[in-house]
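Okay, structure first, notes after.
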Amino acid sequence: MSEFDTYVICTSPRSGGTLLCKLLAATGVSGNPGSYFHRASVSEWLDYFALTSDGSTSERNTLAAIFRAAIAKGSLDTGIFGLRLQRHSFEFFAQKLAVLHPEPASDLERFETAFGRTLFIHLTRLDKVQQAVSIVKAEQTGLWHLAPDGTVLERLAPSLEPGYDANEIRTHYDRFTAYDREWRHWFASQGIEPLQITYETLSSDPIETLREILGHLGLNRDAANDVEPGVAKLADETSRDWVARFRSDHGFA
């Protein structure tokens, strides 16, 4: 039995969240984590879970149905709920959590009312230039994730040739830096000491990172032994060229 009912992966795009979610799901003991509240839209949450709500249903009852569906999907039959929250939609999620559970005085108390004993995991990417290049390239090419065998896991647009765009890279660099700062501020304001995981450590040794998380959850670390990473790195020569060019042009070490 886990020491926790829920774990929340607090992150931002291109930080290894999809890899980590797939690793955790593959153990068969640590839920089925996903971005169940990715969009800042209740109507999109309803669509995602194939739920409906008419005008006679209160917002609180609608949210209760959505959260029940999310917990069921993110737990399966493992007894622990896994959730990934992206910083860009977190404020909206927190507002709706307060509608669902208005009595608790803090975000942390509302999380624990909704989800039980909760472990917070801060998944961050230390190299913000690489992170920014990764998202700019993904947005341009439409390719977001590949499987280790090279098959496409997620493509959001037709394939196009990527082109270096320093302004876009800088915009995302600043945004990702702000997201990390906002997560740290929120943890401090709630008195939370999250488990810190970096993309760099996760990508270099995914199975040991998985074992570490299972250990913190109070689950059997050996459940990671037969897990195979389900996502391949997308960085290539183009990515490396863009990173080097941006660092040189903008004085980054």
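The values are calculated or read from the model by the stated rules, or taken from the named source; none is laboratory data. No experiment lies behind these values; they were computed from the predicted model shown. Here Cβ is always computed from backbone atoms with ideal geometry, including for glycine, and neighbour counts include all displayed protein chains. Surface accessibility is based on the protein's heavy atoms, side chains included, excluding ligands, DNA and RNA. Shrake-Rupley method; radii C 1.70, N 1.55, O 1.52, S 1.80 Å.
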### Summary
Quick count over region 155-206, residues being β-branched (V, I, T), over 15 Å from the mean Cα position of the chain (by Cα) and open to solvent by less than 40 Å² (accessible area, probe 1.4 Å), is 2
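Test of understanding: among A70, A98, which residue is closer than 21 Å to E112 by Cβ and surrounded by fewer than 19 Cβ atoms within 10 Å (Cβ to Cβ)?
Details: A70 fails: surrounded by fewer than 19 Cβ atoms within 10 Å (Cβ to Cβ).
Testing whether each residue is closer than 21 Å to E112 by Cβ and surrounded by fewer than 19 Cβ atoms within 10 Å (Cβ to Cβ) leaves just A98.
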### Residue satisfying condition, being in contact (Cβ under 8 Å) with a residue 60 or more places away in the chain and open to solvent by less than 30 Å² (accessible area, probe 1.4 Å), within set L63, L20
L20
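Return yes when A244 is open to solvent by less than 80 Å² (accessible area, probe 1.4 Å), under 30 Å from G163 (Cβ atoms), outside any helix (DSSP H, G or I) and not charged (D, E, K, R) and no when it is not. Walk me through it before giving the result.
Working: open to solvent by less than 80 Å² (accessible area, probe 1.4 Å): yes; under 30 Å from G163 (Cβ atoms): yes; outside any helix (DSSP H, G or I): no; not charged (D, E, K, R): yes.
Taking the combined requirement at face value, the residue does not satisfy it.
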### Message
Would you confirm whether or not region 200-220 contains a residue that is under 17 Å from I135 (Cβ atoms) and in contact with an Asp or Glu (Cβ under 8 Å, 6 or more places away or on another chain)?
### Response
yes
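Anything in region 109-138 that is open to solvent by 40 Å² or more (accessible area, probe 1.4 Å) and either without any contact (Cβ under 8 Å) to a residue 24 or more places away in the chain or closer than 25 Å to Y7 by Cβ (or both)? List them, or say none. Steps first, please.
Start the filter on region 109-138 by keeping residues that are open to solvent by 40 Å² or more (accessible area, probe 1.4 Å), which leaves 109, 112-113, 117, 126, 130.
E109, E112, T113, R117, L126 - these are the residues of region 109-138 that are open to solvent by 40 Å² or more (accessible area, probe 1.4 Å) and either without any contact (Cβ under 8 Å) to a residue 24 or more places away in the chain or closer than 25 Å to Y7 by Cβ (or both).
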### Query
Is there a residue being touching a residue at least 12 places away in the same chain (Cβ under 8 Å), exposed (fewer than 12 other Cβ atoms within 10 Å of the Cβ) and touching a Lys or Arg at 6+ places or on another chain (Cβ under 9 Å) anywhere in region 210-226?
yes
### Query
For the subset of region 181-201 comprising residues that are part of a helix (DSSP H, G or I) and touching a Lys or Arg at 6+ places or on another chain (Cβ under 8 Å), which member is farthest from L20 (Cα to Cα)?
E182
